[in-house]
Amino acid sequence: MVPLARLSLEGIAPGGTLDLGPLREALTSRSTWRATLHSLETSLIGMAGAVALGTVFAFLVSLTDVRAKLLLVFCFMLPMMIPPQITALSWIQVFGPSSALLNTLAIAPPPGTPNPIYSREGIMVLLAVQHAPLAFLVLRAAFRQLPRELIEAARMTGARPPRIAATVILPLLTPALAASAALTFVSALGNFGIPAMLGIPASYYVLPTLIYRRLSTFGPSLISDVAILAVIVGLIGAAVIIGHGILASRVEARLVTKPGAPLFLPLGRWRLAIETTLWALILVILVLPLTALVATALVPAYGVPLSLATMTLDNFVEVLFRQAATVRAFINSGFLAGTAAVVLAILAVPLGYFLVWRRLRLARVLATAAEAPYALPGVVLAIAMILVFINPLPLLGISLYGTLWIIFIAYLARFLALGLRPVIAGFEQLDPRLEEAARMAGAGFLMRLRTITAPLLGPVAAAGAILVFVTAVNELTVSALLWSAGNETLGVIVFNLDDGGYSVLAASVAVVTVFAVFTLMLVAQALSGRLPPGVLPWTDSTAQR
């Protein structure tokens, strides 16, 4: 909270002195308002696409008899777990005259043809694909709560499906639709990887990429100016969150009685066609771009068709063993993500204890504060961290700016909520009487925590740690503004390699990281039998039906 408070003061009091000049200059700049407009339009269209896609998928998975639901959900969730810059890079490899996949299939467009993904529309499409799983997670739970009794009563009165949808289903889904819209909008607003990879080459800037361009061009000398841009991003995100809270408090869509059997709609003769459509969707949004990414990583130069004669593993050898920067990035990201995951798992257990079992007011305040850095766009947190740590620390005389530790602290703040949520769910599933019996027997808090609470919550804390690691290991939005020479992360390396024209090396790093993400998701899936429902986003009793 200290960095966020420091950020809010920087716009009007840079350096601790009241000065409205930077604020006036930022608010009168055409580039500021152009980037703000671009952020709003890409986030709104991306939100609409994500909600539409997530709604359809949640409906079919939750309420119908489509087969292989667990595998469908796992594949649909994978784009959310893949870093945005890698998502953008994989789609870049699908189109354009230099696409290894299109050249292999002999259907590449003529040389000189612009790649259509480098555009405003490309950003919107990928934001929708990246954040559709978020909407799916919210709406899946809402669809499962739809009562069969109300639907059947409406049918008995002669209502046709469109009227049932408009007068029964839509009102019950309104809170979930509003929540999914707010969540996907804020996520799209703070997304840096996709607008950076697709927008900067086309000179199409949103607020996060405008901040990045100014900092990378002029350095910390413009910290007050970019702080104001970060505040604008934060205010937009906060306004959406507050607006959703107001809407949720005024729109009531609750069931008076406990629902009976959940709604279930057999597809009948349409099942095969719908299943084919769903798997075709998975093919387009997941398999095709990842195939293009692998094809690019296996050719010696960008634009060379993939064949047995041209296939090579030299790019993987280069990035894993020869390139000092990429090797260093693998080490740095592994250390940052792994250490943050372990520290947050350790912190989450006692915090969850006081939050759920002891219900302390201070713990609730801390839990609410932990949500802020995760809910707000990452660029806001990054600028806030720069403002706090650019000067030497009091008493110690050490500056963390330009070191790996500022990224580590930012990761702790950013992902605390992600590690805490599974632990809270685990505490809510446990009976506290065993811990109470130990307390009556004279066991102290640390003894109870070490011998009872931690062993019982171990699998849940491990699952939270895996989610933190998977999210942090390829993170770019925060580290893009905090990295320095020698402190590169994988997300930064992928972005810099592609920006420098080393597309085959960028694709190789991306393939390795996607493989690591996929492996960790499989490890988490292996733990799913010992976890409360909902801890892993792609597992659900409905999805396994």
Can you find, within the stretch 429-464, the residue that is nearest to the chain's Cα centre (by Cα) among those that are of a type in the set (S, T, N, Q) and more than 15 Å from LEU347 (Cα to Cα)?
GLN429
If we scan the stretch 208-221, do we find a residue that is among the β-branched types (Val, Ile, Thr) and either assigned by TED's automatic domain parsing to the domain that holds MET385 or outside any helix (DSSP H, G or I) (or both)?
no
Is it true that LEU44 is within 19 Å of the chain's Cα centre (by Cα), surrounded by fewer than 20 Cβ atoms within 10 Å (Cβ to Cβ) and touching a residue at least 24 places away in the same chain (Cβ under 8 Å)?
yes
Conditions first: (1) modelled with pLDDT under 90; (2) exposed (fewer than 13 other Cβ atoms within 10 Å of the Cβ). THR276 passes all but one, so which condition is the exception?
(1)
From the option list LEU376, LEU393, LEU387, LEU351, single residue qualifying as more than 13 Å from LEU4 (Cβ to Cβ), touching a residue at least 40 places away in the same chain (Cβ under 8 Å) and of a type in the set (A, V, I, L, M) is LEU351
Name the residues in the stretch 462-488 that are within 21 Å of VAL294 (Cα to Cα) and in contact with a Ser or Thr (Cβ under 6 Å, 6 or more places away or on another chain), would you?
VAL473, ASN474
Can you report the number of residues in the stretch 104-124 which are surrounded by fewer than 20 Cβ atoms within 10 Å (Cβ to Cβ) and part of a helix (DSSP H, G or I)?
3
Matching residues in the stretch 450-488 - criterion: being in contact (Cβ under 8 Å) with a residue 40 or more places away in the chain and surrounded by fewer than 17 Cβ atoms within 10 Å (Cβ to Cβ):
ALA454, SER484, GLY486
Looking only at the stretch 80-95, count how many residues are in a helix (DSSP H, G or I) and at pLDDT 85 or above.
9
Tell me the residue from LEU37, LEU63, LEU70 that is farther than 22 Å from ALA182 by Cα and out of contact with any Pro (no Cβ under 9 Å at 6 or more places or on another chain), please.
LEU70
Output the residues belonging to the stretch 305-322 that are surrounded by fewer than 20 Cβ atoms within 10 Å (Cβ to Cβ), within 19 Å of GLY500 (Cα to Cα) and touching a residue at least 40 places away in the same chain (Cβ under 8 Å).
PHE316, GLU318, LEU320
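The values are calculated or read from the model by the stated rules, or taken from the named source; none is laboratory data. Computed from a predicted structure; not experimentally measured. Positions of Cβ are generated from backbone atoms using ideal geometry, with glycine treated the same way; all protein chains shown enter the neighbour counts.
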